[in-house]
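The values are calculated or read from the model by the stated rules, or taken from the named source; none is laboratory data. Every value quoted in this text rests on a predicted model; they were computed, and no experiment measured them. Note that each Cβ is placed from the backbone with ideal geometry, even for glycine, and that neighbours are counted across all protein chains shown. Heads up: the accessible areas ignore ligands, DNA and RNA and are worked out on the full protein's heavy atoms, side chains in. Shrake-Rupley method; radii C 1.70, N 1.55, O 1.52, S 1.80 Å.
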Amino acid sequence: MADRGVRTRTTVAAMLVVAVALLAGAVALVVLVRGSLRDGLENTAEQRAAELLTRAGNPTPDDDDDLDDLVWQVTRADGTVVRSAVPLPAEPGEIRLDGADHPYLVVTDREDGTSVSVAVSLEELDDSTSALVTPLAVGVPLLVLLVGGVTWVVVSRALAPVERIRREVEEITGDRLDRRVPEPGSGDEIGRLARTMNRMLTRLQDGQRRQRRFVADASHELRSPVAGLRQVAEISRAHPGALPDGELADTVLAESTRLQRLVEQLLLLTRADAGGVDGARTDVDLDDLAFGEARRIARGGLAVDTGGVGGGRVRGDESALAQVVRNLVDNAARHAAGSVAIGVRAAGDTVELTVDDDGPGVPAAERERVFERFVRLDEARARDAGGSGLGLAIVREIVAAHGGSVGVTTAPLGGARFTVRLPG
């Protein structure tokens, strides 16, 4: 299982950290206790030496009988030992006495040339240290093992949802994107991971659904011009001279042009899906683009009102923004009864582009759907007149890539008003 490596590493790391901390604490405790006991014995010896020094001329004979407790020695200034059961060095420190099982600590006190040396047994110090080290030597490993066991159990319980998520994800394939990973009820990181994965699966499912619909619609749209070309070619081949002069060439030119435009639109949408619409950013004058498109469609006999076109500069991909203006104007021209109005104006931090027509307009219930791919609300019209159903989808993708928005309302002319807002 994938989580065993994490569980093992976490348990070992916790045990190592606890072991080092407990070992350092145990050593420090032993050192502190031993040092404290040694200081106590040394203070006792110093007090005894001071007492003996006050009566150095008449020491008590019984004071040197207890070899396992205190040993003392009085030495005059000339080095003569006044009284001593066991010879002691003049300098303080630890010594070994004959017949004793433990070392002794020597403390010396001097006054008027007379020195008193007192040796105190360190047996109590050694016994106390042993009594402390033994439980520590047993307790520290047991505590480390206990921490390891608790860590193993806790990490196992924490990783159990991860393993369930892993098993579920392993079963998800391209044909089963409707499945979702189990979400634990906790609000921790694993719960957020599960919710994030489910949202990702939802996006993948939606993307797959859109892709399949897109492929189906694209195949349907591409089939029409290809079928037209094939039909004309078969008639011309089977019945030479049956078609009027130039009709074959005109049909091939019209269908190939339509096919080329459809392929270009599909490629543009593919770039949009891959995030490649937003090219090099430059300053773009939307009013110049609007005037250019107005002159183009005016040659077709439509009345074009550009009185609402004012200054409007944005920063973006000029060719992509030109495609936006062209698609909106072409859409208005297809639906207009005879008039189209174009407007550009700066509104605070945004620049607003409007394209109106006096056609039938867009029903309120369809104003969001009209921007979907291959959607045509006028299905009864011929495909040549109605377009491919990709123009407005391209507009939405390009505008979104530039951080703007697009919507449709009712125009003052009575038809549809498409409004694009872009950051200035």
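Does residue 277 fit the bill of being modelled with pLDDT of 75 or more, among the aliphatic types (A, V, I, L, M) and either within 30 Å of residue 322 (Cβ to Cβ) or outside any helix (DSSP H, G or I) (or both)? It is false that residue 277 is modelled with pLDDT of 75 or more, among the aliphatic types (A, V, I, L, M) and either within 30 Å of residue 322 (Cβ to Cβ) or outside any helix (DSSP H, G or I) (or both).
The selection criterion, being at pLDDT below 70, more than 26 Å from residue 130 (Cβ to Cβ) and assigned to a strand (DSSP E or B), does not hold for residue 74.
Within segment 311-319, one or more residues are of a type in the set (Ser, Thr, Tyr), in a helix (DSSP H, G or I) and within 26 Å of residue 389 (Cα to Cα). A single member of 194, 216, 238 is among the small types (Gly, Ala, Ser), open to solvent by 50 Å² or more (accessible area, probe 1.4 Å) and either over 30 Å from residue 170 (Cα atoms) or within 33 Å of the chain's Cα centre (by Cα) (or both), and it is 238. Close Cβ contacts (under 8 Å, 6 or more residues apart or on different chains) running from residues in segment 317-345 that are within 13 Å of residue 411 (Cα to Cα) to residues that are β-branched (Val, Ile, Thr) and assigned to a helix (DSSP H, G or I) comprise 340/297; 340/329; 342/329.
The number of residues in segment 26-49 that are open to solvent by less than 40 Å² (accessible area, probe 1.4 Å) and either free of Cβ contacts under 8 Å to residues at least 40 places away in the same chain or in contact with a strand residue (DSSP E or B) (Cβ under 9 Å, 6 or more places away or on another chain) (or both) comes to 5.
Consider segment 124-140 and keep the residues that are open to solvent by 60 Å² or more (accessible area, probe 1.4 Å) and in contact (Cβ under 8 Å) with a residue 12 or more places away in the chain. The one that is nearest to residue 21 (Cα to Cα) is 133. Among the residues of segment 13-24, those that are under 30 Å from residue 131 (Cα atoms) and open to solvent by 40 Å² or more (accessible area, probe 1.4 Å) comprise 15, 16, 17, 20, 21, 22, 23, 24.
For (1) assigned to a loop (DSSP other than H, G, I, E, B); (2) touching a residue at least 60 places away in the same chain (Cβ under 8 Å); (3) within 30 Å of residue 251 (Cα to Cα), each residue gets a yes or a no:
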site	(1), (2), (3)
180	yes, no, no
193	no, no, no
209	no, no, no
230	no, no, yes
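Hey, does segment 285-301 have a residue that's in a strand (DSSP E or B) and either on the phi > 0 side of the Ramachandran plot or open to solvent by 40 Å² or more (accessible area, probe 1.4 Å) (or both)? Yes, segment 285-301 has at least one match. Taking the conditions (1) under 18 Å from residue 265 (Cβ atoms); (2) under 45 Å from the mean Cα position of the chain (by Cα); (3) open to solvent by 30 Å² or more (accessible area, probe 1.4 Å) in turn, residue 334 satisfies each one other than (2).
The set of residues in segment 160-178 being more than 19 Å from the chain's Cα centre (by Cα) and open to solvent by less than 60 Å² (accessible area, probe 1.4 Å) consists of 160, 161, 163, 168, 169, 172, 174, 177.
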